[in-house]
Every structure is written in C-alpha cells, then in structure tokens.
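What follows is a set of notes on a single structure, which appears directly below.
The values are calculated or read from the model by the stated rules, or taken from the named source; none is laboratory data. Quick caveat, the model's predicted, so the values are computed rather than measured. Please note: Cβ atoms are built from the backbone with ideal geometry, for glycine as well, and neighbour counts cover all protein chains shown. The protein model used for the area step is the full one, side chains on, heavy atoms only, and it has no ligands, DNA or RNA in it. Shrake-Rupley method; radii C 1.70, N 1.55, O 1.52, S 1.80 Å.
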Amino acid sequence: MRIVDVGTAVVRGNFDWVLVKVYTDSGLFGIGEAYWGAGVVSLIHRARDIIVGEEVTNINKCVERMIRGLSGEGSIGGATVTAISGIELALWDCVGKFLETPLYNLFGGKMRDKIRVYVDCHAGDDFTPESYKRKAQERKNEGWDAIKFDIDVPTPYSELKENEKEFWYLPYNRSLSNREIDYLVDIVAAVREGVGRDVDIAIDCHWKYSVKDAIRLLSALEDFDLLWVEDPVPPENVEALLEVQRNVRVPIATGENLYRKYGYRTLIEKQACRIVSPDIPKMGGLSEARKVFDMADVYYMPVAPHNVSSPVGTIAAAHLCAAMPNFLTIEFHAHEVEWWEDMVISDFKPLIRDGYINLPERPGIGLEINEVVVKEHLVEEKNFFKN
Ligand code: MG
C-alpha cells in the first residue's frame, strides 16, 4: 500500500488548523494535523514529493527521509518538523485503518480508558481577581476539574508606557514590584477560592520573568497547591530554569516550543522542570512524542501535552496519551469555538465530557472529517485537501 498523494486543508478556528490527508494506492487514506505557522503548508507539499511511492506502513523511514530531505529548507526544527508532524499523524491514521485497530493499540494499548483534559481559560476578561474567579467557577460548573490561566498580565501597578499597553503580553523586561507580585498572587488566590481544592489549577507565565522574579513569584504561590506553573523564565537557557525549579516547591512545566527528542534531552536530563509539555502535532508527531514520554519517565516526570489543535490533532494525541504510563493531562484550547467538534464525525459526542476524552473505538484516529463544516471555515475557499 503505497503513498500516492498528500493534501492539506487549513481551517480558521482560534488558530489555523492545518489538516493533512495522505492518500494511498489502495483507496485508503489517513488524516492528520499540523500545528499552525508560517511555511507549514508549503513544507507539507514539499514533503509530499519525498514520500510519494513509499510504503505507508514504513512510518520511521518516511519521517527520516522527510527530516533529511527538508533540512535544507531551513532547519531540523520549527516549521519543517511541524509539517512532518502533520504527515506523521496521517500516516498513523492510515496504518491504524489498514490494521483495523484504534491508534492506542499501536502504542502499547490502554493504560486508561478516559483521557484527562484541562481547559485553557486565557486571562480573566478584565485582569481582575474577581473576573478570574468568575471564569474559573464557570468552568468548574461545566464539569472541568483542571483549568489553566495566564497570569503574565498587566496589574494596576504595572506602570506600562503608552506604547506598551497594546502589546502588554510581550516581555517588558523589568522587575516585578512587590505590589505587582501581590496582585498576581491575589488573582491565583481568587481562582483557588472560586473552585475549591477539587479542581486542579495550572498557571502560564509565557516565558516572561527573570530568574529572581520567577523565584519570588512562584515562592509566593506555594500555598495554592498548583498543578504547575508554565514557562516562568525565557526558554533559551535550561540552567536558568533549573535554578528556578531548585528554589521553589511549585512544579514547573515547559516544552511547548521544543522539537524532536533532541530538543527535550537537556531539559529532562538536568531535571530542570517537573512536568514536560510537548505539542505533539508540532514537535515531531506521535512516535517522537512517545520517545519524550519515555525519556521523561526515566526521571519519573509526568507529561502534560500542550495542545491547540482541532479534534483531529487532539484525539490523535489522546490515543498516545492513553498508552503512556506517565501521562498527566492534555490541553483543550478551543472552549470559545462552538463548532470545534462539529468539524468531525465520531461514534459519539461530545468528544470531551466532564473534562475527559472517551477515545473512539474506530480504526486509526477514529474520526472522519465533516466536509460541510470544514468547508465553511476554510482559510482559502478552494483549498480543500488541495495538493
Ligand atoms: Mg503555554
């Protein structure tokens, strides 16, 4: 069963969801998804030429060929690896359909029947503790038992300059005052007060703070028993992150901007964080993510995949999560997109119920594209699995 073509369809949700379809000479096809980003679609079309004619079950060989074949396009990371990830997911879907078994069986079978999901809540609507608290309570009332909020936000004490106000989310490279830290602590306190102790709370800092401020802030958050704090310091220096993690009790999570197993090596070997968060349709795909799960497991580190995907990428990732002993929880980032799950046809809906994914039992990823809904939201009208 050989690969004869690869097509893409880009859907505009709260991110651009890059859907991928791999066609074979048997008529069987697989669907996958790549993380969004400049150049990803054209790199998928370049990769097509490298794998057409290849046996679809030879996933490792296809990936190696694409890595070597596309490395001249820029780097063995970034958009190149993201493009390969989308194709890799579609190849696994093909193989699952060919073997007539759900994807989780190809990664060792189920460790668990239900996949825990946490919901990304962004910031509060107006960055006040009351707004955060209200939003947290709404999510709890919807059945979520794990939530994540951004706290790298302006406070009334932030004294942003006029030209910084529009881009407050960019690093502003100065020290957090005591009052700013108190305010951010008040936000987290309000969230905890709003949901009680039965809901897990994660906090995202988007690589914003210096080592000293990260230690001050995370130390001040110790009493709230957070699930994790994400990316407290910039991502380039693992030793700096290690310095923070060694000085605080709060578990740090990181890894959404790393690629392939090599990207995670130093982070995991140095144990510079407590939780690793690979983005599976971005960092290399299911096989590569499995290696990161295993590397982390050597140090007893849980893995909590970052995820901003459509149902295709989300459910594909969930199959791997079902099989991995050290899985913690996976992100859901499309709470505001009402048609998110209408994009696919599945044996059952909702795909996520009370904060958990029940995996489809159909072969492969177990989903079909709902053409009507996908076509309504295409970025370019005519590009429905265009090749
Ligand atoms: Mg993040």
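Brief remarks on what is shown
- Computed from the C-alpha gyration tensor, the three semi-axes of the ellipsoid equivalent to segment 193-286 are 23, 17, 10 Å, from longest to shortest.
- Straight-line cross-link partners of K21 among the aspartates and glutamates, defined as a Cα under 16 Å from its Cα and at least 8 positions apart when in the same chain: D5, E33, D49, E54, E55, E88, D93, E368, E371.
- On a per residue basis, segment 106-363 carries 41 Å² of accessible surface, using protein heavy atoms and a 1.4 Å probe.
- With the simple model of a label 7 Å out from the Cα in the direction of the Cβ, S42 to E159 spans 4.6 nm.
- Loop GluC sites (Glu not before Pro), segment 128-171, which have at most 15 other Cβ atoms in a 10 Å radius of their Cβ (DSSP): E142, E159, E166
- Stretchable slack from D225 to K61, in nm (0.36 nm times residue separation minus alpha-carbon distance): 54.6 nm
- Close amide H pairs (under 5 Å, H built 1.01 Å from N) link V379 with V10, V11, R12, residues at least 5 positions away or on another chain.
- Of the residues P251, V191, L351, the one whose Cα sits farthest toward the positive end of the charge dipole of segment 106-363, with +1 on the Cβ of Lys and Arg and -1 on the Cβ of Asp and Glu, is P251.
- S309 accessible area, assembled protein chains, probe 1.4 Å, Å²: 10
- Here the spin labels are modelled as points 7 Å beyond Cα on the Cα-Cβ line, and at E130 and S26 they lie 6.2 nm apart.
- Of L160, L367, L91, the one that fluctuates the most in a GNM where the chain has Cα springs shorter than 10 Å: L160
- Taking the 1.4 Å solvent-accessible surface of segment 106-363 as the whole, the part contributed by carbon and sulfur is 47%.
- Listed residues A253, A240, A47, most fluctuating in the chain (Gaussian network, C-alpha, under 10 Å): A240
- Estimated inter-spin distance, Q137 and Y300, nm [label 7 Å along Cα→Cβ]: 3.9
- Distance histogram in 10 Å bins (all Cα pairs of the chain, percent per bin): 5, 24, 32, 25, 12, 3, 0
- Sites matching chymotrypsin sites (Phe, Trp or Tyr not before Pro) across segment 61-130 that sit in DSSP coil, with at most 16 neighbouring C-beta atoms within 10 Å: none
- Residue order for D93, D150 - accessible surface, 1.4 angstrom probe, largest first: D150, D93
- Between V372 and E236, the C-beta separation translates, for a Förster distance of 30 Å, into a calculated FRET efficiency of about 0.10.
- Given 16 as the ceiling on other Cβ atoms within 10 Å, longest exposed-site-free region of the chain for trypsin sites (Lys or Arg not before Pro) in DSSP loops: 271-381
- Per-residue [θ]222 nm for the chain (sum of -39500 (n - 2.57) over DSSP H runs n ≥ 4, rounded to 500): -11500 deg cm²/dmol
- Distance from the alpha carbon centroid of segment 303-375 to that of segment 1-74 works out to 20 angstrom.
- When the chymotrypsin sites (Phe, Trp or Tyr not before Pro) in segment 223-332 are filtered for DSSP coil states and for at most 16 other beta-carbon atoms within 10 Å of their beta-carbon, the remaining sites are Y299, Y300.
- Residue with peak Gaussian network fluctuation, the chain [Cα springs, cutoff 10 Å], from V372, V119, V233: V372
- Cα gyration tensor, segment 260-387 - rounded (a/c under 1.5), prolate or oblate: prolate
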